[in-house]
Structures are given as structure tokens and as C-alpha cells.
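In what follows, a single structure is set out as C-alpha cells and then discussed.
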Amino acid sequence: MAGEQINVSDQRIEQGEKRLNLIGRHAAILMQAYQTGVLDELSVNEGVLRNLLNARIIYQPESGQGYRLRAPVAQLIANLVVDERRRSIQADVADKLEAIRGQVDAFRKAQQRSDIYLAELKLQVIEERVHDLVAEFDEAIHSLWNRLNTDFGFAANLDEKMAENQRAQNQIERLLEGLSMIDYDECIALADGHVKLRHLLVVQLQRRTSLQRASMLEIQHRMIELMSRFREQQSRSLLVGNMAQFLRQHPELKISDYTEQSQVPTLFNQARAIRAAAHVDVHNSDAQRETLAALHDALQQTRHLRGEQIPLSESAQATEQFDDEILETQQRQLKQDVDQFFINVAQSQQAQSALNYLTQHKLQWHGEIWLFQVLSEYQTLARSVQAQLPLQRHERPVSTTNNVQIIEDLVVTPPKRVA
Amino acid sequence: MMTYGPIIETLLAGEFICTQRFPEYHQQLQDETLQNQINDYLRPLNRTVSQAADGSVFFLSYQQLDKQGREHLRQQFTQTLATLMPLLEWLTLTQEALGHDSTLVPGDTVKLPEWVMACEDNPSLKQRLANLARDRFFNSQAETVDAQIKQIAKRLVEHGYLMQPHGDRPYFIVTGKVDYLIDVIRFIRDEENLPVDEKPEQEALL
């Protein structure tokens, strides 16, 4: 097991060395690529190209296009030569925008000369540049989200996390500045009258960058939130640590008694607990007997409606075990109220709305819960009883486009009696 | 009609209401109208809803202080002072043992086996734990790390700083009462002008 691990890390070291050597061996063409943005394919043979690709030093954004340095390599070079211009994103954006301007200009001139081949080529270059510009922001945003989502988990301690967060915030600011350098009016002017250019510079660039801006603002917001959480954690730890230390060093410290002040600070005004709290006393055996009797009556009255011969309904059985949970009591009360509603309808001469009944009898249930219970109780009734007590739903669709029906009320009609 | 009955019961029982232990009640208490309604109800009982740590916890205070009330508060305060040191030590100890970036905050999970293992492996932590467990507040006579930590956790649950979501599983959640504790520490520091800093040295910020 351990041997394998050593092997793996050995392999990695070997691979790293090889690849670093590769960079050294082709330093000249890589620097040329760094300078111009595209690798001069003609100056290297295919084998070298393949090696560089495999070593993840260069890449080809799209087949048929030129090879470029991967971002980390370009950054490495920028760091090595302290190329401030390259390191700051604004300059990068300015660069790319300038290149786009130049290419658009060249494209127009080629068109004027009716040089279709050159114009087509220039258009391809513009497309590539726009792609580059957008991709760079995408990459940065992706990496920022990544850092945010892992809570800077890669940093060893809180101080480092805070430093990383600050760094990320600075980066966002630079990115936003970079984005703000893209002048949409200018893009519109540049694209004037050409469909493909318009698509590239106005539709594509604008849509992508406005999404990116929104994304960045969101990241910025979260970074600031996270930072304040880090700060809070930091000051809390310091407070706890320092206070513990101070108290340890000063065991004789006399702290004044704040409860003697005329206005006791709220923090230290914590009232004595009162255990005998007011609540439904389900242990009261008298009340329980009353409840049971009432329930029993209600069920007796509804039995003929159910047309069932079960001596005791579920709820009555449940009452025997009478769990002292308020929830259950409420559930039962609700069931009972609904039973009473049906009895009431059955005895009256006219149809009744469930919601009206609810308000008339000043019952405390939420309307929706009430309707739901009425409906479900109704469904437990025998078919023959249901036929005698027709239930009508008052429904309306959610909206003109959404045909899901919402039940607004239920109306139950009593059986026709022979006078 | 009284949909807030359970909240009142919980408050009257002397509980601290925080999002960890009573998420629903804590949410409902954000509503000032409801707070007023509850206060109306509690007036004859000489109680009123208070909050600490920027609304992280709610609890009941005396509305008017009579002699008995004041005596109760005095005793309670003495107790609070006595528990201050062991609680601070608990916070620093767990931070070190569990390798956390900061002291425990509400919502953090404390897994006992992890804590036990960290203390078993480190003689200095083990010694500190033994001292802490022997403190009057935790009052453990146990010899083993495991038993000491169990006793500490038990006492912290009793005092509302920790909760155990599942009785049979050895992990605990830190409650909002820890925020209250931090408030108390800040208050004492400010009142007594103690030279206890909570701001880092300047360099870290820039």
C-alpha cells in the first residue's frame, strides 16, 4: 500500500520534471506565443506540438484555430517577468478590445476591396477574440465560485482564509473594472450594418458579459458576507481566548454585581421558570370523561350516516390510549367538528357552505385545513350516504393559463325529506 | 385560538429560544406583534420577552423587580460567574482539540468520538480536559477521557449550550445560548474595563 503511494508520487515527480523540461526546451516558441497570443505552428514540428498539448502547456480553443498558451502557463510567465501589464485584467481587456477594433477595421477594409477571402479570415479572428475575452471572465468566475463554495477550504487557518477572501474581492473589483471597459455603444457602432458582426459584438458579447457582471456582483456580495462571518469568528475566538487567559491570570478579580443596579441589564434578568404552565390539561380525568362522552355522542349521531356497523370508530379507539399530545387532541377536535358539520347539514333543510359554517360557529381552524378535513371525512362516508348528502366543490383554475383547480369552498346539500 | 401557547409554555419553563432548539418558535418570535401579544399575556405573571445577542436568543425577564425577583437574579448571577471560567475553557479546549478555525458557533456539530480521540492522543489536552471535568460545574470524578467528555456534554445539554438531536447518537449541536454567553463576556469586559482584546493586530486586516 505504502509502496504504491511512493510509486505514484515518484511518477508524478518524474512527469513534472519532464514537463518543466519541455517548457525549457521550447522556451523561445512559448515566449513568442506569450507575446503574440498564438503559437507559430510552422516553427515547430508535429511531435513537439503534440507533446506540448499533452503536457497541458498549450491548447487549441477550437479545431482549425491556432494554439495558445494555457492560462496558468501564461500567468507563470507574467509572474516571472513581472509583467504588470499582463497581470492586471484591465490591461488585458483593453488589449483584447484594441485587437477587436483593429480586426474590425481590417475586416471593413477587406470588404471594401471585395477581398472576400481576407474578410472571412478577419471575421474568424474577431470571433476568436470575442470568444477569448468572454472565456477569460468565465474562467475567473468559475474559479471564484469554486473558492466561495468550498469556504476557502484550501486555506489552512482563519487568517489565511481572510487573506484569500480579500484577494478574491480585489480580483472581482479588477474583473468588474475590466468588464466596464467594454463599451456597448462602441460595439454597436463597430457592428453597424453587418449581421455576423452584430451577432458577435452585440448579441453574444453583450449577453454573455451582462450575465457575467450579474454573476460577479453576486459573488462579490457573498464574499463580503463570508468575510464578515470570518471577522466575527475571528473576534469571537480572540475574545474567548483572551478572556480565558485574563481570568486565569487574575483569579482574584472582583466583578461587580449588576443585579444590584436599579436597572438590571437584560442579559442578567432571566426570570425564574414557572413549570405549571397553562395548557390543555389532558390529564384531567373529568375533562377527559367529558370529552369522551361528547365524542361518543357525536359518533353515535353520525353512525347512521356512515351506514357502518363498526362499534367504535378509529378515533374512539384512539381515545382509549389517549396520548397526551396536544397535536392529537387537536386532530381529534377537528374530526369532531367536521362530524358535527355533517350532522348539522343532515338535520337542516338547506345546503350549507363549509366555510360559512366555520365562521358562523366561530371555529378556530384555518380555512384550508377545514376544507381538507371536510373533504376527507366525506370520502370516508358510505356511497349511499354520499348520494344522500351531495357535496359540491366550488372551484376555480389557478390562472387563465394554469388549469389546476383550487377548491374555494365546499357545499353540502341535505337529503330531501318527505314532509 | 392561542396558536402561540407552546411558545409561552417553553418560555415560561425558562428555556432559551434559539434557531437550533426551537426553530419554529424562534421564527415566530421575529414578529413584533406576536411578541406584544405574548407580553400582554405574560403581564400578570410579571414576565416579559427579552432577547440577547442580536436576536439570536429569546428568554423571559421579570417585568418589575421585587425583592424575591432580585434575590433570584442575584443567585443566578453568582452562578453565571462561577460557570464563566469552565465554559470559556470548554470553548478553547474544543477549538484546539477539534482543530477548528474559531470557537464553536451555534449550529456547529460536536462529535464526541472525535473529541475523545483528539484528547486521548495529546497529553496536554488530556490534562486540561481532566482539570475541566473536575470543575464544580461539570463535577466529574471519572478517570477516563471518554467518561469525562460524556459528563461535560451532559451538563452542557442540561444548561442548554448543546443539544443532542438523537439520544442514541454521540453527536451534539451547539445552540444559540453560546451567543448569549459571548454577549455576557463582552458585557463584563466592557463594564469592568478589562484589557481583553478581540481585534486582531492591524497587519492581518490589510
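The values are calculated or read from the model by the stated rules, or taken from the named source; none is laboratory data. In this text, all values refer to a predicted model and were calculated from it rather than measured experimentally. Note: ideal-geometry Cβ built from the backbone for every residue, glycine included; neighbour counts use all protein chains shown.
This table checks each residue for (1) within 11 Å of another protein chain (Cβ to nearest Cβ); (2) at pLDDT below 95; (3) within 16 Å of A:Arg236 (Cα to Cα); (4) out of contact with any Phe, Trp or Tyr (no Cβ under 8 Å at 6 or more places or on another chain).
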residue	(1), (2), (3), (4)
B:Pro165	no, yes, no, no
B:Arg169	no, yes, no, yes
B:Gly176	no, yes, yes, no
B:Asp179	yes, yes, yes, yes
B:Ile182	yes, yes, yes, yes
B:Arg186	yes, yes, yes, yes
B:Glu192	yes, yes, no, yes
B:Pro195	yes, yes, yes, no
B:Glu201	yes, yes, yes, yes
What are the residues in region B:8-24 that are buried (at least 18 other Cβ atoms within 10 Å of the Cβ), away from chain A (no Cβ under 14 Å) and either of a type in the set (Asp, Glu) or out of contact with any Gly (no Cβ under 9 Å at 6 or more places or on another chain) (or both), if any? B:Phe22
Looking only at region A:191-247, which residues are part of a helix (DSSP H, G or I), away from chain B (no Cβ under 14 Å), over 24 Å from the mean Cα position of the chain (by Cα) and not polar (S, T, N, Q)? A:Ala191, A:Val195, A:Lys196, A:Leu197, A:Arg198, A:His199, A:Leu200, A:Leu201, A:Val202, A:Val203, A:Leu205
Picking from B:Tyr41, B:Tyr62, the residue that is within 17 Å of A:Thr259 (Cα to Cα) and either out of contact with any Pro (no Cβ under 9 Å at 6 or more places or on another chain) or not basic (Lys, Arg) (or both) would be B:Tyr62
Meets criteria (of a type outside the set (D, E, K, R), over 25 Å from A:Gln220 (Cβ atoms) and touching a residue at least 12 places away in the same chain (Cβ under 8 Å)) for A:Phe137: no
Only unsatisfied item for B:Asn139, checking (1) at positive phi; (2) within 14 Å of chain A (Cβ to nearest Cβ); (3) at pLDDT below 90, is (2)
Mind checking whether some residue in region A:72-94 is in a helix (DSSP H, G or I), at pLDDT 85 or above and of a type in the set (Asp, Glu)? no
From the option list B:Leu91, B:Leu84, B:Leu65, single residue qualifying as more than 28 Å from B:Asp108 (Cα to Cα), surrounded by 13 or more Cβ atoms within 10 Å (Cβ to Cβ) and either more than 12 Å from every other protein chain (Cβ to nearest Cβ) or out of contact with any strand residue (DSSP E or B) (no Cβ under 6 Å at 6 or more places or on another chain) (or both) is B:Leu65
How many residues does region A:356-395 contain that are within 15 Å of A:Ile406 (Cβ to Cβ) and acidic (Asp, Glu)? 2
Which of the numbered conditions does B:Val105 fail, given that it passes all the others? Conditions: (1) more than 26 Å from A:Met162 (Cβ to Cβ); (2) surrounded by 17 or more Cβ atoms within 10 Å (Cβ to Cβ). (1)
